[in-house]
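**Q** Handing you this structure, nothing more for now.
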Amino acid sequence: MNPALAKASRTVHWVSSAVGLASLVFFSITGITLNHPDWFSAQRSVYSEAVTLSPDWLARFQVADEVARLGALSGELQRRWQLDVPRNIDRDEFEWVLDYQRPGGLTTVVLDIETGDLSLERVDDGMIALINDLHKGRHSGTAWMYLIDVVSVTCLLFAVTGLLLLFVHAGKRRSTWPLVGLGTVLPLALYWVFVP
């Protein structure tokens with residue numbers, strides 16, 4: 001192998017392993033927690049709170065157009081419970097239901113348009129649910145999605161440069177290519193034989 005390529009591979013290999021170490025450990029652990037949900041018990045907690053909005057607020061809400069209604073309700077929820085933009089809104093002439101999904105849980109707010117009753121239910125499914133959702137990028141936002149992409153590229157660089165370094169050192173270790181072959185063939189064989 002070209003000495004310059006070998007040197008570059010060593011540099012990229014150790015840098016990618018240093019940068020990706022914590023993330024690789026995280027995604028390895030959460031791979032196990034996702035694969036074996038029966039090993040971990042759910043630690044669900046539920047918090048509820050209800051208030052009745054003032055008659056003046058409700059009267060203004062009832063006569064406003066839909067955009068103004070959403071703005072008024074969003075402002076009230078931000079002020080009262082620090083809730084930002086909901087992921088889902090379901091509304092009819094009787095009530096508005098807003099869902100705020102997040103990794104490991106869900107917050108649901110219901111506004112009864114006739115009575116002004118405003119209720120919040122916050123469900124947290126525990127640490128395992130949180131890390132599993134982060135592993136999948138579920139309800140975790142754009143920044144986390146990009147982190148997953150960066151970690152994936154970092155791990156790919158780590159693997160490719162590791163393979164290049166195996167070429168450099170394979171002459172000293174006769175078991176190198178049989179082990180690489182086993183690591184390649186075993187998952188394929190398991191897939192073809194055992195996966196329905």
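No value in this document is a laboratory result; all are computed from the given coordinates. These numbers were taken from a predicted model, which means no experiment stands behind them. Every residue, glycine as well, gets a Cβ built from its backbone with ideal geometry; the counts of neighbours run over all protein chains shown.
**Q** Under a point spin-label approximation (7 Å from Cα along Cα-to-Cβ), what is the Phe94-Trp144 distance to one decimal in nm?
**A** Spacing of the two 7 Å Cα→Cβ label points: 3.4 nm.
**Q** Based only on Cα atoms, what mean projected area does the convex hull of segment 45-124 have, in nm²?
**A** With every direction weighted equally, the projected area is 4.9 nm².
**Q** Among (i) 82, 39, 26; (ii) 47, 36, 34; (iii) 71, 45, 27, which one is Cα extents along the principal axes in Å computed from these coordinates?
**A** (i)
**Q** Continuing with this model, one more query. How high is the FRET efficiency between Leu165 and Phe26 when r is their beta carbon distance and R₀ equals 25 Å, given to the nearest 0.05?
**A** The computed FRET efficiency comes out at 0.50.
**Q** Also: Just to be sure I understand the rule: take each whole DSSP H helix in the chain, project its Cα atoms onto its long axis, keep it if the span is 30 Å or more and its mean Kyte-Doolittle hydropathy is at least -1.0. Which ones pass?
**A** Once both thresholds are applied, what remains is 3-35, 141-169.
**Q** From Cα pairs below 8 angstrom and at least 6 apart in sequence, can you work out the relative contact order of segment 1-121, rounded to a whole percent?
**A** 21
**Q** Ranked highest first by average number of other Cβ atoms within 10 Å, how do 142-149, 114-121 line up?
**A** 114-121, 142-149
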